[in-house]
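J.: Let me give you the structure first, and then I'll get to my questions.
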């Protein structure tokens, strides 16, 4: 072993510090250990450098750098130590050791102050825990958000959010399904659009000024509106809440609207019903009291006519003429009494079960020649199956004839201003959850909002003198009411007028015969 | 028409409007009917007890006994008695209000009366005996 070492120059046993390595074996072990430590000390900083270069997100990269430097210096002292066993270089060895000492001390001194900060660094386990906690919180938040979204989606009230831009322009941000249902619009068409462009005119005209006021004043606002929407006439109550941004400006309006159509309709129907009942009582009394003197006078006129038979030709002719005039006038008065009596709903006629579809068809057939003469087309839709109702078929037919005549008048009124306006009346008859709906839609002048509440009042008319005395629509209302139904009128967005008679559907005759009766 | 039947058909007229009753009586008599006039339902009932008419022609609103009460009372005595009602205000349900199954016919006329139509109906209900 010694001879092998000696072959490329044995380490000097006289080297400083090695005076105790008395045997060659120990000297070699010492040498190899130094070389191994030195190489290892050079390898470790290389790893550290790679880490330093690859991981730019380390908390204190300069510490890693210092360690690399410190380990490199230590490694160099060990290699130097090995070298000096062959070739003593006391000056270089000492200098290297001194540099290593400076670096070591610097690292040692720098490490202490940074200790608290290093201890404060979160461990990977703590980080993992934190990540887990955050994930759980996020999933809780998502679930809560989904729950809230489900609440809003299933809410019976319409909810909408309107963005208010600094210039005052508005844009619909989002609406819930109830909004689509109540106002008959599609959510997909609304998002990001201006209200004027996508919402029904009647809604925009009434609601937009209120939205502007709420946005300007920044105050919560409540209002109730009624308008003709694509889905029909609707009433809704709205609460608007302004939402402010960080700068205090109103950035959004949060609105919720409740459909109160059914309630308002019920109220209106109760009012109409009470009014009609009053009118009925009044008409009945008036008809009775007026009919007595008219009756007596008419009977006595017949006597005058009988007496006139025996007179000379000249006075006879004069008397007969006078009687004819009186009779004609009294007949007019008598007809008026009959119509007023009809309003009271007391005209003779036994209540019967009949097919509403058949009566609608009969009314249209009866009205068609007259309408055609005025250049008006009548069309019937629906009514593919019989719809039994109870009441007087003759009264219902008369009510429909009145409505058709009224539609014809409205069309002519419009044509006086617009000669090329369409002239048609569409009658739709359908059953809807236990009710028969008879809807007349005309292309006439429409119903001015101001008179909407009065059109079913007796003797109310917007027609020229001599064209109508205002008993046609009240009769239709009285007929519908006598059958346990109702009537309503509105102006649809596309113009013209809509009248709808609603009647309770009667049991189909024979359809309800109990099975037992058949077996028996 | 002037060839009077051997026995004129008898009509009981119940009407509280005296002037109207007079004119109707005149018309009916000139048509060859024998007419008893009663100013209210009670008087008519008493007259019918004395001699049952061939037909009752009655108003509805009358003092003491109204038309419906009179009809019920007379039908109790003569179920097949034809009845003609003249009224300014017919009750809901029309003739069904006056007539039970198996009873005589009821005709309803509203006031002011169409006298020609009334006479036509009388001729139908009371075919001339002659």
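J.: For the structure I just gave you, tell me whether residue A:128 is surrounded by 11 or more Cβ atoms within 10 Å (Cβ to Cβ) and outside the structural domain of residue A:61 (by TED's automatic domain parsing).
T.: Numbers: surrounded by 11 or more Cβ atoms within 10 Å (Cβ to Cβ): yes; outside the structural domain of residue A:61 (by TED's automatic domain parsing): yes.
Considered against the rule, which asks whether it is surrounded by 11 or more Cβ atoms within 10 Å (Cβ to Cβ) and outside the structural domain of residue A:61 (by TED's automatic domain parsing), residue A:128 comes out as yes.
J.: Given the conditions (1) in contact (Cβ under 8 Å) with a residue 60 or more places away in the chain; (2) surrounded by fewer than 18 Cβ atoms within 10 Å (Cβ to Cβ); (3) assigned to a strand (DSSP E or B), which single one is not true for residue A:269?
T.: Against the list (1) in contact (Cβ under 8 Å) with a residue 60 or more places away in the chain; (2) surrounded by fewer than 18 Cβ atoms within 10 Å (Cβ to Cβ); (3) assigned to a strand (DSSP E or B), residue A:269 comes up short only on (3).
J.: Determine which single condition residue A:501 fails, assuming it passes every other condition in (1) modelled with pLDDT of 85 or more; (2) within 30 Å of residue A:373 (Cβ to Cβ); (3) surrounded by fewer than 20 Cβ atoms within 10 Å (Cβ to Cβ); (4) touching a strand residue (DSSP E or B) at 6+ places or on another chain (Cβ under 6 Å).
T.: (3)
J.: Another question, if that's okay. Restricting the search to segment A:282-299, which residues are surrounded by 23 or more Cβ atoms within 10 Å (Cβ to Cβ) and under 55 Å from the mean Cα position of the chain (by Cα)?
T.: A:283, A:287
J.: Conditions: (1) more than 30 Å from residue A:224 (Cβ to Cβ); (2) free of Cβ contacts under 8 Å to residues at least 12 places away in the same chain; (3) more than 14 Å from chain B (Cβ to nearest Cβ); (4) surrounded by 12 or more Cβ atoms within 10 Å (Cβ to Cβ). Residue A:319 meets all but one. Number of the miss?
T.: (2)
J.: Related question: Checking the condition at negative phi and either outside the structural domain of residue A:460 (by TED's automatic domain parsing) or in contact (Cβ under 8 Å) with a residue 24 or more places away in the chain (or both), which residue from A:309, A:365 passes? Show your work before the answer.
T.: Working: A:365 fails: either outside the structural domain of residue A:460 (by TED's automatic domain parsing) or in contact (Cβ under 8 Å) with a residue 24 or more places away in the chain (or both).
Result: A:309 is the single residue among A:309, A:365 that is at negative phi and either outside the structural domain of residue A:460 (by TED's automatic domain parsing) or in contact (Cβ under 8 Å) with a residue 24 or more places away in the chain (or both).
J.: With a cut-off of at least 2 residues that are farther than 25 Å from residue A:493 by Cα, name the helices (runs of 4 or more DSSP H) lying wholly within segment A:153-224. Give the steps one after another, and end with the answer.
T.: On the way: elements: A:177-183, A:187-190, A:195-198, A:201-217.
Qualifying helices (runs of 4 or more DSSP H): A:201-217.
J.: Still on this structure, I have one more. Would you check if there is a residue in segment A:402-417 being within 24 Å of residue A:506 (Cβ to Cβ) and out of contact with any strand residue (DSSP E or B) (no Cβ under 7 Å at 6 or more places or on another chain)?
T.: yes
J.: Moving to a separate point now. Using the structure shown, decide if residue A:133 is part of a helix (DSSP H, G or I), outside the structural domain of residue A:225 (by TED's automatic domain parsing) and more than 30 Å from residue A:199 (Cα to Cα). Before you say what the answer is, go through the steps one by one.
T.: Details: part of a helix (DSSP H, G or I): yes; outside the structural domain of residue A:225 (by TED's automatic domain parsing): yes; more than 30 Å from residue A:199 (Cα to Cα): yes.
Yes, satisfied.
J.: Can I ask one more? Does segment B:26-49 hold any residues that are within 11 Å of chain A (Cβ to nearest Cβ) and over 13 Å from residue B:122 (Cα atoms), and which are they?
T.: Matches in segment B:26-49: B:26, B:30.
J.: Shifting gears a bit: Test residue A:422 against the stated conditions and say whether it is in a loop (DSSP other than H, G, I, E, B) and either more than 29 Å from residue A:336 (Cα to Cα) or free of Cβ contacts under 8 Å to residues at least 24 places away in the same chain (or both). Walk me through how you get there before you give the answer.
T.: Numbers: in a loop (DSSP other than H, G, I, E, B): yes; either more than 29 Å from residue A:336 (Cα to Cα) or free of Cβ contacts under 8 Å to residues at least 24 places away in the same chain (or both): yes.
Judged against the criteria, residue A:422 is a match.
J.: Restricting to segment B:6-21, name every residue that is closer than 17 Å to residue B:118 by Cβ and either within 14 Å of the chain's Cα centre (by Cα) or more than 10 Å from every other protein chain (Cβ to nearest Cβ) (or both).
T.: If the condition is that a residue be closer than 17 Å to residue B:118 by Cβ and either within 14 Å of the chain's Cα centre (by Cα) or more than 10 Å from every other protein chain (Cβ to nearest Cβ) (or both), then B:9, B:10, B:11, B:12, B:13, B:14, B:15, B:20, B:21 are the ones that fit.
J.: Identify, please: which residue in segment A:81-102 is crowded, with 17+ Cβ neighbours inside 10 Å, assigned to a helix (DSSP H, G or I) and in contact (Cβ under 8 Å) with a residue 24 or more places away in the chain and is, among those, farthest from the chain's Cα centre (by Cα)?
T.: Among residues in segment A:81-102 that are crowded, with 17+ Cβ neighbours inside 10 Å, assigned to a helix (DSSP H, G or I) and in contact (Cβ under 8 Å) with a residue 24 or more places away in the chain, the one farthest from the chain's Cα centre (by Cα) is A:84.
The values are calculated or read from the model by the stated rules, or taken from the named source; none is laboratory data. Just so you know, these numbers come straight off a predicted model, no measurement behind them. Note that we place each Cβ from the backbone using ideal geometry, even for glycine, and neighbour counts take in every protein chain shown.
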